[in-house]
Amino acid sequence: MDLGEVTLHGQRLFGREQQAERSFVDLGWNGFGYKGRLLDDGVTWLEVLRPHRSKPMDARLIEPGSGR
C-alpha cells in the first residue's frame, strides 16, 4: 500500500496531497468516533489496543463489509 494513503492516529504519514485514504491506524480507540465515516468510505482500520513501547501489542483489523 502507498503510505501516502495511510492515516496514523489522525495524521497522514506522508505528504499533504489529497490522496484517497485507504487505511486508518489508531492507538487506544481514540478514533472510535470516526468509525462510521471510515467504514462507510471503504477504509480499512487497524486499531492497536493498549499500545506500549516495550510490550507486545494486540491489534484489531476492521474492514468494511462487502454488502450494502
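Scan the chain and report its longest stretch carrying no chymotrypsin sites (Phe, Trp or Tyr not before Pro) that are both in a DSSP loop and have at most 13 other Cβ atoms within 10 Å.
Numbers: sites that count: PHE14, TRP29.
Segment 30-68 is the longest.
Residue-wise, which Karplus ³J(HN,Hα) couplings in Hz belong to segment 22-36, taking 6.51 cos²θ - 1.76 cosθ + 1.60, θ = phi - 60°, and x for glycine or proline?
10, 9, 10, 10, 10, 10, x, 6, 5, x, 4, x, 8, 4, x
Explain nothing, just the number: dipole magnitude of the chain about its Cα centre with +1 on each Lys and Arg Cβ and -1 on each Asp and Glu Cβ, in debye rounded to the nearest 20.
Numbers: 10 positive and 10 negative charges, 59 e Å.
In debye, rounded to 20, the chain gives about 280.
How many percent of DSSP beta bridges within the chain run antiparallel, rounded to 5? Show your work: numbers first, answer last.
Details: 7 of 15 bridges.
About 45 percent, rounded to the nearest 5.
Measure off 7 Å from each Cα along the Cα-to-Cβ vector at LYS35 and ASP2, then give the distance between these two points in nanometres to one decimal.
3.0 nm
Find the Cα radius of gyration of the chain, compare it with 2.2 N^0.38 Å by division, and give the number to two decimals.
The chain yields a ratio of 1.13.
Once phi is turned into θ = phi - 60°, what whole-Hz ³J(HN,Hα) does the Karplus curve with 6.51, -1.76 and 1.60 give for every residue of segment 53-65, x standing for Gly and Pro?
Those phi angles translate into 5, 10, 10, x, 10, 9, 9, 10, 9, 10, 10, x, x Hz.
Pop the C-beta distance of ALA20 and HIS52 into the FRET formula with R0 = 30 Å and round what comes out to the nearest 0.05. Write out the running numbers ahead of the final one.
Details: r = 31 Å, r/R0 = 1.05.
Between ALA20 and HIS52 the formula returns 0.45.
Each value in this text was obtained by applying a stated rule to the coordinates, not by laboratory testing. Everything numeric here is computed off the predicted structure, so don't read it as measured data. In this analysis, Cβ positions are derived from the backbone assuming ideal geometry, glycine residues included, and neighbour counts consider all displayed protein chains.
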